[in-house]
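The values are calculated or read from the model by the stated rules, or taken from the named source; none is laboratory data. In this text the structure is predicted, and so the values were computed from the model without any measurement. With ideal geometry, Cβ positions are generated from the backbone for all residues, glycine too; neighbour counts draw on all protein chains shown. For the accessible areas, the whole protein counts, side chains as well, though only heavy atoms, and no ligand, DNA or RNA atoms are used. Shrake-Rupley method; radii C 1.70, N 1.55, O 1.52, S 1.80 Å.
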Amino acid sequence: MTTLNQGKRKKEKGKRTHRLALFLFTFAFFLPALGSGCQQKMAEQPAVRTYGEHPAFKYNQVARPLEVGVIYRGQRPADDPLVTGLTAKGRTPRKAYTSELLSKAPADDAKILADMQTVTGAPDALDNFVDKYPFELTLDDLKTGQTKFDAFCALCHGAAGNGLGKIAERGFLFPPSYHIDPEGKKADVYGSKKPEVGLPQGYSRGFGRYGIKVPLAEVPVGYIFEVITRGYGAMPAHASQLKPADRWRIVAYVRALQLSQGAAYDKLPKKTQDEMIEGLKKQAEKIEDHAAGEK
């Protein structure tokens, strides 16, 4: 009996030894293959290389450059009216500062500025920008423009386009008003705690930098489109958030705001005149009731 048990133990031990030897052999054989298969070599794998700017991601994004003759889906020519607010002149770099402006700068600065070239779309001339819309606008376009304006612009520019948005009220730079206020805002406000200095209220800061004094109500529509597209000063670019057609719709709505704020009373329809008078009467009654309550 004892001899039989010993034989079984030896047999089981032999099986375990055989299995262990087979495992070690298999592991030793496949280890090099496993090692080469798991090696990632990430640097050698296909990937997007940021060699240069990709036309499809012109603003704030880069990707592999296109081969000559290749166009990306939806690409439009640089001079397509839908995607640019610039004229041929506006797309051509030239001297950034005129001799008149250079004469006002310190001598050392003037030497540096004299050789500077403008960037594409520099607001140094009104005819750098188109003065027509690239497509016929409808009432639905204006309503879409209002929706987009309220979503992307009103926080800084104010719902009425007066430059008194909530973002500016909380410490950011006040944008210029779209309107020329006859009284109360005689100069452009650059911050709630700073004196009213600079351009008159409602004038373009971009053109003002190049010595051109022009109200925003009179700038070409292409200028507004370019500012929405590229940004200016403290305003960021919105090209990645708004498709070109929607940028033009916002431009049209800005023009509608300017017309609504600057319309002459005698040129309004009779119905609108009556509604305006009725509104002023109600406002006057509220002021009288408030004054009576304080007494």
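Structure notes:
- Annotation: amide H-H contacts under 5 Å for PHE129 (H modelled 1.01 Å from N, sequence separation of 5 or more, or interchain): THR87.
- Rounded to the nearest 10 Å², the accessible area of TYR97 at probe 1.4 Å: 50 Å²
- Computed over the stretch 209-279, the range of Cα coordinates on each principal axis works out to 43, 32, 19 Å, biggest value leading.
- Straightening the chain between TYR210 and HIS290 buys 24.0 nm, computed as 0.36 nm per residue apart minus the Cα-Cα spacing.
- Taking each residue as 0.36 nm, the span from ALA160 to THR92 lengthens on full extension beyond its C-alpha to C-alpha distance by 21.0 nm.
- Here the stretch 202-295 has 53 percent of its accessible surface on carbon and sulfur atoms, given a 1.4 Å probe and all protein chains in place.
- In this structure the amide hydrogen of LYS95, modeled in the peptide plane, comes within under 5 Å of the amide hydrogens of THR118, none closer than 5 places in sequence on its chain.
- Exceeding the 23 Å Cα-Cα cut-off - candidates LYS89/LYS132; LYS95/LYS213; LYS148/LYS267; LYS104/LYS213; LYS89/LYS143; LYS132/LYS243: LYS148/LYS267; LYS89/LYS143
- A 1.4 Å probe, protein heavy atoms only, puts the accessible area of THR144 near 50 Å².
- Karplus-derived 3J(HN,Hα) values for the stretch 86-102, using 6.51 cos²θ - 1.76 cosθ + 1.60 with θ = phi - 60°, are 9, 7, 4, 5, x, 8, 9, x, 7, 4, 6, 10, 6, 4, 5, 5, 5 Hz; glycine and proline are entered as x.
- Ordering SER103, THR92, PRO77 by Cα displacement along the dipole of the stretch 74-121 toward the positive end leaves PRO77 in first place; charges were set at the Cβ atoms of Lys, Arg (+1) and Asp, Glu (-1).
- Theoretical FRET efficiency, 1/(1+(r/R0)^6), r = Cβ-Cβ of LEU280 and MET235, R0 30 Å, to 0.05: 0.30
- Which of ARG209, ARG76, ARG247 is most accessible, then next, and so on - probe 1.4 Å: ARG209, ARG76, ARG247
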